[in-house]
Structure formats: C-alpha cells, structure tokens
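Student: This is the structure I want to talk about, given as structure tokens.
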Amino acid sequence: MNGSGLWHAEQAWLGYRAEDVLIEVEDGRLKAVTAGVSAPAGAVRLSGWTMPGFANVHSHAFQHSLRGTVESGAGDFWEWRQEMYRKADSWDEADYIKFAMGVFREMLEAGITAVGEFHYLHVFGNGLGKAVIGAANQVGIRITLLDACYLRGGMDGRPLDEVQKTFSDGDAERWAHRMDELEEGPGVRIGAAIHSVRAVDPASMRIVAEWARRRNAPLHIHLAEQPAEVEECLAVEGCTPTELLAREGILGPDLTAVHAIHVNTLDVSLLGGSKVSICACTTTERDLGDRVGPIRALADAGSQLCMGSDSNAVIDPFEEARGVELDQRRATGRRVLHQPEELFRAATVDGMRALGWDAGALRPGMLADFVTIGYEPQVLWRQLDLGYLVFCCSARDVTNVVVGGKTVVSK
Ligand SMILES: [Zn+2]
C-alpha cells in the first residue's frame, strides 16, 4: 500500500471542481495535486470524475452471507438478530478469509478504500480477526479492525445466549489482553469497540475506552438503534444510553456512535457537544425497520456524520450518502436537510477520520486513495457536480480505484 506514480484526471474534486489535474503520489501519499496542466508522458489517464476514496465506517463482513435471505422474512429486529447469530457461528479461518475477500472486493469496486470492520467473532480468539485483516490485505483495501468487547446478554447482567458466548472474552481485562496481540501495519489499524450499552457493563466500558485512548485508537459503539435498548437502560440505570456514556466518561471526539436513532434532545446535545461522530447505516436501518434518527439535529449540535454498509445487504456509498438525506425527508416532511457537499464529506474525509485514516481529500500529504467514476454516461460530458454525484450515481459507475498509490480496480 505504498505505491508511487502519476495520474492525470480529466475532472477532479479538490474541495472544488477542477480540470486536468495531475496527481503525484510518492510512498502511498499525495505529493502534489495540480490543476490545469496537461498530462505528462507516463501518467495514467483517468477519464470521468475523480474524487477521494469513500470510507465505509461500519461493516460486519459475515452478515453479507444473509443477503437475499432475510429481507423478506425473519420477523422483527430481534428475530432478525437470531438469524444473524446463526450465521455468526459457522466460520473457520480459511472460510472466513475467502468470504471476507469477496465482500471487500465488492467494496473496492464500489469506490470504498477503507472499511471499519466491527468485529465480534471470537470463537478462535484473534483467529477470525486476523483472517479479516488478511482478507483486506489481499484485496488491497484499508481496514480498521474495530474489535468489540461483548460480555453480557442484557443490561440486567443476564448471561449471553448460547450462540453469543463465543463473542465474549469473559471480562474486559481479557479483551484488552487479546487486543494487545493484534498488530497494525500498512493499511491496517486496530480500533476498539464497546458492542453496546446492553452487552458491556459500565466498569468494562471504561476499560475499553481507556485502552483506546492510551493508543489514540478509534472507539466505536452501537447506540440506541432500537427503543428496547433505551427502555432497558432507563429501567436499569435510570438514564438513557447516551447519558450513561456521558456519566462514564465515554463520550468524546474519538468516539463514533453507530445508528443513534432513538436519542432525545438532551442526548443530541450531549453527543454533539462532545463532538461524537455519528455513523448512519441507512440501507441496513431500512431493512431492519429501524426508525430515522435526528441526524440534522445531531450535525447542528456539533457531531460529524459518516456512513456504513453495516449488514452489507447493499454495498453502495452513493446510496448510503443520499439515503441519509432521503430518509429524513420522509420522516420529517421537509426537503434538503443536508447539502450534497455535507453528505460527500461524511462519506469521505469525516468517515476516514472516524476510522483513524488521514485520507478522504485530494490534498498533498494525505493518503493517496482516489476513485474515478466513468460509466454513468452523463459524467463524460457533464461538469463534476456533487449534487449529481450524490443523488444520481451508484457503485456501478466506479471505473478506477487507487488505494495508497496502488491501482486496485481498473475497468
Ligand atoms: Zn452493527
């Protein structure tokens, strides 16, 4: 992932629309980005629209195996979860590496250059975590392994279901000990996750957050996806899940809260005031019958937004980006809550930050991840325009992908 070379883009997004852009890459990073110059000999020509790579902030690779089987069945969220657990159980390292390679390949072809893999399959300790890192390395996508602490079956301290038992390390100290054995490398970051306030008690949450903060590692959590979590938290802790995180010192700009749907006005100001990133997973949330969160309000309160393909039933960063806006239109009866530029930032630079990567913008010094779309016929004559990009393009329009200065997709 430390390639070098020269590319020449017909049109590119540099924070503004630019033409004839020479992109010079050295050792995996952008060395210079110069608009308005003709292509020197030896430069790879990119026709169409070139832009920074997309960040897929929340993925569970194994859930791709549910694609096509649960959308039209499997009951409500909690019944869907039981189906999902059955798929969680059936992997060995060799199967999982092969399967995850297919999922990550699909992400790359959709223009995603970094994935946050929220990982809780611990049946072989770090075996499947290392398999998923190996899969990412082999296909050439950046990965932040967000390895989750997962200890209990619910907030009353009930034990894990039979199938959840393999997710658990027993206690947070053992989770931390296992985490210390995971290694970062080129294209690999290790981040921490508290599975949810349901699955991790307050004392253990603090251990996970402390582990992450000691290492400057991203910290993620599933938050308030379903009303049952909020009700249970109110009953057991006497406060909402967000208030619980505030009380335990977990909120901060290094935290990404995934979903954040059932949050009240106080929760919104706590999350925004602490600059917690909010990861929306629109296509999965639709499938599961999750409601639509107050994303506009969270952004106004100070949160950065980002997006994830979550269950991977759909892998399309353009669909995730416009979905944030379009779902809120139906939920609120209002239009244009977010400008295309805000959605684009969420899908690129703000998502990359939530995963701990210095990428997502075509600027010297940044990691050299960039994608080109050239299939959509309009793109060949239109001026690059983020409104058209976000609302009218799809994963299938991606024709070229470069990660760390290495071409990984070229159609
Ligand atoms: Zn998730």
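Student: Run the reach check for Lys406 against lysines, Cα to Cα strictly under 28 Å, same-chain hits fewer than 8 apart removed. What comes back?
Tutor: Lys31, Lys98, Lys130
Student: Tell me, what HN-Hα J-couplings in whole Hz come from the Karplus equation 6.51 cos²θ - 1.76 cosθ + 1.60 at θ = phi - 60° for each residue of the stretch 188-203, using x for Gly and Pro?
Tutor: The phi angles translate into 10, 10, 10, x, 10, 9, 8, 3, 5, 5, 5, 8, 9, 6, x, 5 Hz.
Student: Taking the Cα-to-Cβ direction at Asp76 and at Arg206 and moving 7 Å from each Cα, how far apart do the two end points lie in nm?
Tutor: 3.5 nm
Student: Given Ser303, Trp80, Ser168, which one lies farthest toward the positive end of the charge dipole of the chain, if we put +1 on the Cβ of every Lys and Arg and -1 on the Cβ of every Asp and Glu?
Tutor: Of the options given, the answer is Ser303.
Student: If you take the square roots of the eigenvalues of the alpha-carbon gyration tensor of the stretch 331-406 and sort them as a ≥ b ≥ c, do you get rounded (a/c under 1.5), prolate (a/b over b/c) or oblate?
Tutor: oblate
Student: I would also like to ask the following. Dipole of the stretch 275-411, Cα-centred, from +1 at each Lys and Arg C-beta and -1 at each Asp and Glu C-beta, to the nearest 20 debye?
Tutor: Here the size comes out at about 200 debye.
Student: How many Å² of accessible area per residue for the chain, probe 1.4 Å?
Tutor: With all protein chains present, the chain gives 37 Å² per residue.
Student: Amide H of Val258: which non-local residues (sequence gap of 5 or more, or other chain) have their own amide H closer than 5 Å, using H built in the peptide plane?
Tutor: Ile221, His222, Leu223, Cys279
Student: Let me ask another. Show the residues, 5+ positions off or on another chain, whose built amide H is closer than 5 Å to the amide H of Arg29.
Tutor: For Arg29, whose amide H was placed from the backbone, the distant partners under 5 Å are Ala368.
Student: Would you mind counting up the charge near Arg142? Only other residues with Cβ under 9 Å from its Cβ, with Lys and Arg at +1 and Asp and Glu at -1.
Tutor: It works out to a net charge of 0.
Student: Okay, next question. Where nothing but the Cβ of Lys and Arg (+1) and of Asp and Glu (-1) is charged, how large is the charge dipole of the stretch 338-411 around its Cα centre, in debye to the nearest 20?
Tutor: 220 debye
Student: Then there's this: Report Tyr16's accessible area, 1.4 Å probe, all protein chains in place, as a number in Å² to the nearest 10.
Tutor: The value for Tyr16 is about 130 Å².
Student: Moving on to the next point. Answer rounded, prolate or oblate for the stretch 215-287, using the Cα gyration tensor with square roots of eigenvalues a ≥ b ≥ c: rounded when a/c is under 1.5, else prolate when a/b is larger than b/c, else oblate.
Tutor: Oblate shape, in that a/c is at least 1.5 and b/c is the bigger or equal ratio.
Student: With no solvent and one point on each alpha carbon, what is the Debye value of log10 I(q)/I(0) for the stretch 259-367 at q = 0.11, 0.12, 0.16, 0.18 Å⁻¹?
Tutor: Calculated log10 I(q)/I(0) at the listed q: -0.33, -0.39, -0.70, -0.88.
Student: So what is the diffusion coefficient of the stretch 79-233 in µm² per second by Stokes-Einstein at 20 °C and 1.002 mPa s, using a Kirkwood Rh over Cα pairs?
Tutor: 134 µm²/s
Student: Same structure again: Take the alpha carbon gyration tensor of the chain, find the square roots of its eigenvalues, order them as a ≥ b ≥ c, and report rounded if a/c is under 1.5; if not, report prolate when a/b exceeds b/c, else oblate.
Tutor: prolate
Student: Give the distance, in whole Å, between the Cα centre of the stretch 276-302 and the Cα centre of the stretch 1-75.
Tutor: 25 Å
Student: List the aspartates and glutamates whose Cα sits under 12 Å from the Cα of Lys165, skipping any in the same chain fewer than 8 residues away.
Tutor: Partners found: Asp89.
Student: Measure off, as a whole percent, the carbon and sulfur share of the 1.4 Å-probe accessible area of the stretch 10-96, all protein chains present.
Tutor: The computed percentage sits at 45.
Student: I'd like the Karplus ³J(HN,Hα) series for the stretch 293-309: coefficients 6.51, -1.76, 1.60, θ = phi - 60°, whole numbers in Hz, and an x wherever there's a Gly or Pro.
Tutor: x, x, 5, 4, 5, 5, 5, 5, 6, x, 7, 7, 9, 8, 9, x, 8
Student: Using just the helices of the chain, give the 222 nm mean residue ellipticity in deg cm²/dmol: DSSP H runs with n ≥ 4 each add -39,500 (n - 2.57), and the total is spread over all residues, rounded to 500.
Tutor: Mean residue ellipticity at 222 nm (helix-derived): -10000 deg cm²/dmol.
Student: Cross-link candidates for Lys87: which aspartates and glutamates have Cα within less than 14 Å, leaving aside residues fewer than 8 places away along the same chain?
Tutor: The reachable aspartates and glutamates, counting only those whose Cα sits under 14 Å from Lys87, are Glu79, Asp95, Glu162.
Student: Another question, if that's okay. When all protein chains stay in place, what accessible area (Å², nearest 10, 1.4 Å probe) is found for Ser72?
Tutor: About 120 Å², ignoring ligands and nucleic acids.
Student: Please list the non-local residues whose amide H lies under 5 Å from the amide H of Gln11, H modeled 1.01 Å from N, same-chain partners needing a gap of 5 or more.
Tutor: Asp20, Gly48, Thr50
Student: On alpha-carbon atoms, Rg over Rh for the stretch 22-167 using Kirkwood Rh?
Tutor: Result for the stretch 22-167 is an Rg/Rh of 1.11.
Student: In the stretch 128-287, if the dipole is taken from +1 on Lys/Arg beta carbons and -1 on Asp/Glu beta carbons about the Cα centre, which of Pro202, Ile141, Thr283 is farthest to the positive end?
Tutor: Ile141
Student: While we're here: Can you compute 3J(HN,Hα) from phi for each residue in the stretch 385-399, using the Karplus curve 6.51 cos²θ - 1.76 cosθ + 1.60 with θ = phi - 60°, rounded to whole Hz and x for Gly and Pro?
Tutor: Residue by residue, the stretch 385-399 yields 8, 5, x, 5, 4, 6, 9, 10, 9, 9, 3, 5, 7, 6, 10 Hz.
Student: Same structure again: Taking the Cα centre of each part, how many Å lie between the stretch 106-132 and the stretch 147-175?
Tutor: 20 Å
Student: Would you mind working out the magnitude of the charge dipole of the chain relative to its Cα centre, with +1 at each Lys and Arg C-beta and -1 at each Asp and Glu C-beta, to the nearest 20 Debye?
Tutor: It comes to approximately 840 debye.
The values are calculated or read from the model by the stated rules, or taken from the named source; none is laboratory data. If you're wondering where the values come from, they're calculated on a predicted model, not measured in any experiment. We place every Cβ from the backbone using ideal geometry, glycine too, and count neighbours over all the protein chains shown. Ligands, DNA and RNA are stripped out before the accessible areas are found, and what is left, the full protein with its side chains, is counted by its heavy atoms. Shrake-Rupley method; radii C 1.70, N 1.55, O 1.52, S 1.80 Å.
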